[in-house]
Amino acid sequence: MNQLKKYLGIVWILLGLAAGYYLVVNQAIPKFKSNNSEELIPAIIYAFVLMPIIVGGLIIFGKYALQGEYDFSNTETTNNAT
């Protein structure tokens with residue numbers, strides 16, 4: 001199961017990169033290129049607010065999964081209710 005979590009870390013990183021590409025190429029750039037001033041605000045939100053939050057979160061989650069931060073071992077105690 002721990003090995004599966006590490007493989008899924010790669011998937012999360014790739015998903016983060018794909019989400020960033022989609023947000024910039026398919027959402028933000030067409031809105032920046034349009035001459036409609038009403039579409040400028042959503043383009044700014046997509047490019048400078050949502051994209052860093054989504055991409056950063058997915059890549060950091062994938063990085064931690066690759067490092068084994070989410071691995072479960074029997075030597076660690078998960079209940080500290082003493």
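In the range 45-65, how many residues are of a type in the set (A, V, I, L, M) and more than 14 Å from L15 (Cα to Cα)?
Start the filter on the range 45-65 by keeping residues that are of a type in the set (A, V, I, L, M), which leaves 45, 47, 49-51, 53-55, 58-60, 65.
So of that shortlist, the ones also more than 14 Å from L15 (Cα to Cα) come out as 45, 47, 49-50.
Number satisfying all stated conditions: 4.
Kindly evaluate V55 against the criterion of being surrounded by 13 or more Cβ atoms within 10 Å (Cβ to Cβ), within 19 Å of the chain's Cα centre (by Cα) and β-branched (V, I, T). Write out each step before concluding.
On the way: surrounded by 13 or more Cβ atoms within 10 Å (Cβ to Cβ): yes; within 19 Å of the chain's Cα centre (by Cα): yes; β-branched (V, I, T): yes.
Criteria met by V55.
No lab work stands behind these numbers, since they all come straight from the coordinates. For clarity, every value in this text was computed on a predicted model and none was experimentally measured. With ideal geometry, Cβ positions are generated from the backbone for all residues, glycine too; neighbour counts draw on all protein chains shown.
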